[in-house]
Amino acid sequence: QDETGEERLTLTVNKGDFSRMRITGQFNLGFILATRPGGDSSGDELFIIDQHASDEKYNFERLQAETELQHQRLVQPRTLELTAVEEEIVIENLRIFEKNGFRISVDNSGEEPIGRRCKLTALPVSREVVFDTRDLEELIAMLGESPPSATSDFIPRPSKVRRLFAMRACRSSTMIGKTLTTTQMERIVRHMGTIDKPWNCPHGRPTMRHLMTLDEWDEKYNEYNQPKITNLT
Ligand code: ZN
Ligand code: ZN
């Protein structure tokens, strides 16, 4: 009868589950305890959710989807030296470059040869990070490797922009050590069901863990006074 450990590891959580979870309480001023109601043959499942990591991921994904970076005009527009393929990528994705703070003007007069038709007129700016043309090159390469589908509104971001958003999300998210009301905890948990990848924070930290199936409590956890959750911080 020692199969529950295995089951616990492979237990599936769907994003829809977050809308069904019930808040049980806060643990150690850093974690939300929530249960997913079981069915006829299965018990309720108890989860522990990192209040900072999960709120941070929600804020990060919103920044990824919505932010248009500030830009700063170059004194002297810079002609980009591109291959024909790269130039095509730039021309077809101008909106994505704009969202990332790059402004590019395209010369369609026919006077410039292919590969020299794009001019960089502005670079992204932020207080935290300095951008240069290598970030533009990275974005061109990203778009070449996985062209965005016309139907998706996913905006590819260069790594510096992702790091910037992770930093901003961290600063604006619920901190560890903060007492939360049930309503605040509920909001964090419901938000997890609305985001693309709720399982890890932008720095890679897991946002939640499964603790146990509650009908196993008596038989499996009697011997310990507490479930073993102290090592989760
Ligand atoms: Zn953080
Ligand atoms: Zn993080």
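The values are calculated or read from the model by the stated rules, or taken from the named source; none is laboratory data. Note that the structure is predicted; figures quoted are calculated from it, not measured. Cβ coordinates were reconstructed from backbone atoms using ideal geometry, including for glycine residues, and neighbour counts include every protein chain displayed.
Considering Met175, Met142, the condition of being at pLDDT 95 or above and closer than 24 Å to Leu94 by Cβ is satisfied by Met142 alone.
Residues are listed down the side, and each one gets a yes or a no for (1) out of contact with any strand residue (DSSP E or B) (no Cβ under 9 Å at 6 or more places or on another chain); (2) closer than 18 Å to Pro202 by Cβ; (3) touching a residue at least 60 places away in the same chain (Cβ under 8 Å):
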| residue | (1), (2), (3) |
| --- | --- |
| Arg116 | no, no, no |
| Val125 | no, no, no |
| Thr133 | no, no, no |
| Gly144 | yes, no, no |
| Ser149 | yes, no, no |
| Asp153 | yes, no, yes |
| Pro156 | yes, yes, yes |
| Ser159 | yes, yes, no |
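The set of residues in the range 20-56 that are of a type in the set (Gly, Ala, Ser) and surrounded by fewer than 18 Cβ atoms within 10 Å (Cβ to Cβ) comprises Gly25, Gly38, Gly39, Ser41, Ser42, Gly43.
The residues listed here are Arg157, Arg163, Arg116, Arg168; of these, the one that is surrounded by 13 or more Cβ atoms within 10 Å (Cβ to Cβ) and either of a type in the set (Phe, Trp, Tyr) or closer than 13 Å to Tyr58 by Cα (or both) is Arg168. Residues of the range 58-94 that are over 21 Å from the mean Cα position of the chain (by Cα) and part of a helix (DSSP H, G or I): Ala84, Val85, Glu86, Glu87, Glu88, Ile89, Val90, Ile91, Glu92, Leu94.
Residue count for the range 134-178 under the criterion of being out of contact with any Leu (no Cβ under 7 Å at 6 or more places or on another chain), in a loop (DSSP other than H, G, I, E, B), away from ligand 2 (no atom under 16 Å from the Cβ) and not charged (D, E, K, R): the result is 9.
Listed by first and then second residue, the pairs with beta-carbon distance under 6 Å, at least 6 apart or on different chains, first residue in the range 46-57 and more than 15 Å from Arg168 (Cβ to Cβ) and outside any helix (DSSP H, G or I), second more than 9 Å from ligand 2 (Cβ to nearest atom) and of a type in the set (D, E, K, R), are Ile48/Arg209. Out of all the residues in the range 41-64, which are more than 13 Å from ligand 2 (Cβ to nearest atom) and over 11 Å from Ala166 (Cβ atoms)? Ser41, Ser42, Gly43, Asp44, Glu45, Leu46, Phe47, Ile48, Ile49, Arg62, listed by residue number.
How many residues are within 16 Å of ligand 1 (Cβ to nearest atom) and either polar (S, T, N, Q) or within 16 Å of Arg205 (Cβ to Cβ) (or both) when one looks only at the range 33-63? Reasoning before the result, please.
Going through the range 33-63, the residues within 16 Å of ligand 1 (Cβ to nearest atom) turn out to be 49-63.
So of that shortlist, the ones also either polar (S, T, N, Q) or within 16 Å of Arg205 (Cβ to Cβ) (or both) come out as 49-61.
Looking only at that region, the number is 13.
Looking for something more than 16 Å from ligand 1 (Cβ to nearest atom) and either in contact with a His (Cβ under 8 Å, 6 or more places away or on another chain) or among the acidic types (Asp, Glu) (or both) - is there at least one such residue anywhere in the range 170-182? Taking every residue of the range 170-182 in turn, none turns out to be more than 16 Å from ligand 1 (Cβ to nearest atom) and either in contact with a His (Cβ under 8 Å, 6 or more places away or on another chain) or among the acidic types (Asp, Glu) (or both).
Yes or no, residue by residue, for (1) surrounded by fewer than 19 Cβ atoms within 10 Å (Cβ to Cβ); (2) over 30 Å from Ser146 (Cα atoms):
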site: Phe18; (1), (2): no, yes
site: Tyr58; (1), (2): no, no
site: Glu81; (1), (2): yes, no
site: Phe97; (1), (2): no, no
